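The block underneath contains the structure these notes are about, expressed in structure tokens.
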Amino acid sequence: MDKQQQIGKIGEEAALRHLLKRGYLLLERNWRHRRFEIDLILRHKEQLIFAEVKTRTYHPTRPTELPGISEAQQNRIFEAAVTYAEQHQHHGEIRFDLIAVLLASDGYLLEIEHLPNAFFPGMPFF
């Protein structure tokens, strides 16, 4: 596992702990559909949530703005979400969240920002 994969794994674990503490129920982690992977699939109340975790490390000369999700990536997440919902006979609401994790260079958690309804495929990401 390379350094970037390790950073991603640390961020994903931090995001999951953050959500579990807030009453979310984990259904799947790293669920694959074709060649695309959804980081976290959760349930919160009656909603099915597909969460993309973006982890970055803090660097004093780089801005720490939120990472984006491309339109192509949104479409792949949506396709996978529809497949998952069909396979599990979910007919209720679905939501697409972004969890941005900021780590220090030593892997120490600095910040987590959770954006519910961060995007809906076909709509621009702000």
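For the reader, a short list of remarks on this structure follows.
- Crossing angle, helix 3-21 versus the chain [Cα axis fit, 0-90 degrees, rounded to tens]: 60
- Net dipole in debye of the chain [+1 Lys, Arg Cβ; -1 Asp, Glu Cβ; about Cα centre; nearest 20]: 180
- Between 0 and 90°, nearest 10: helix 71-87 axis offset from the chain longest Cα axis: 50
- The chain - percent relative contact order, Cα under 8 Å, separation 6 or more: 25
- With the helix formula -39500 (n - 2.57) applied to DSSP H stretches of n ≥ 4, the chain reaches a computed 222 nm mean residue ellipticity of -9500 deg cm²/dmol.
- DSSP assigns beta bridges within the chain; of those with both partners inside it, close to 65 percent run antiparallel.
- Most tightly packed first, judged by the mean number of other beta-carbon atoms within 10 Å of their residues, the peptides 96-105, 22-31 read 96-105, 22-31.
- Taking the charge dipole of the stretch 3-115 about its Cα centre, with +1 at Lys and Arg Cβ atoms and -1 at Asp and Glu Cβ atoms, the residue from LEU19, GLN73, LEU115 reaching farthest to the positive side is LEU19.
Values quoted throughout were computed directly from the atomic coordinates according to the rules given, and no laboratory measurement underlies them. Note that the coordinates shown come from a computational prediction; the quantities given were computed from them, not determined experimentally. Cβ coordinates were reconstructed from backbone atoms using ideal geometry, including for glycine residues, and neighbour counts include every protein chain displayed.
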